[in-house]
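Throughout, read-outs are computed from the coordinates displayed, never taken from laboratory work. Values in this document were obtained by computation on a predicted structure and should not be read as measured data. Reconstructed Cβ throughout: ideal geometry from the backbone, glycine too, with neighbour counts over all protein chains shown.
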Amino acid sequence: MAVTAGLDSVGIWRSAADSCRRSYTCGDVNDAQASGAMMNPSPHWTVRLKEALPSREVLVAHAWLRPVAERLLEPKLWRLQHESVARGVAIGTFWAFVIPVAQIVVATIHCAWWRANVPVAAAMTMVTNPLTIGFWLWLAYQLGVLVLGEPIAAVASDGAGSLKWLADYGWPTVLGMALFAIGGAASGYVGVKLVWRLRVWVKRNLTRKAYYLKHDHWRAFPNRKA
């Protein structure tokens, strides 16, 4: 009886040790997974945007872009230069509000003709997307009604007809989208140019300030080496 009780107690201690070992191992695995998640955060929004946009090879191989495929291979169309970026912003914003489909393709053709940045133009066409198009159409209608000076039309009945619906809602909305396209393209182009000039101005001031501080230090301590 004593031997059996001793064996039972030994078995109990072994099972308890095994359970502790398993829990410790699981804890290590969970800690490793948590540390791996912390070491590998979600990609930056610029990376996700780059993955969502078509690459140069995809655009060159597109059937609609074959007439301008050779021009799309020019490095100037893919380089971040302030003039090409400003043109890309203007082109992408314009076509985002002008046509509902094939915006990237049409914007790419426009970039090849006007020597604008293709990735920037493609990114700006995504201003209007399935998630935001409803808001833009509503806002365009409000702007069109304001410009035309007409009262906001009531909800058309089922038997009103398509011409009646188009006269009440279509023309103000088209006018508003056209104003968004022209105004957005112009403001985008000017905005990029202003930001670039501001960046150059700040960089020059910082360089000039560092130069003056360095020479003032030499005048105060002429025997010291720079």
- Message: Suppose each label sits 7 Å from its Cα in the direction of the beta carbon; what would the Gln142-Val101 distance come out to in nanometres?
- Response: 3.0
- Message: Can you order the peptides 58-71, 82-95 by their average number of other Cβ atoms within 10 Å per residue, highest first?
- Response: 82-95, 58-71
- Note on the structure: Simple SL model, points at 7 angstrom along Cα→Cβ for Thr132 and Val174; separation in nm is 2.5
- Message: Taking 0.36 nm per residue of sequence separation and subtracting the Cα-Cα distance, how much length would be gained by fully extending the chain between Lys76 and Val190, in nm to one decimal?
- Response: 39.0 nm
- Query: With labels modelled as points extended 7 Å from the Cα through the Cβ direction, what inter-label distance (nm, one decimal) is found for Val58 paired with Trp201?
  - Reply: 3.9
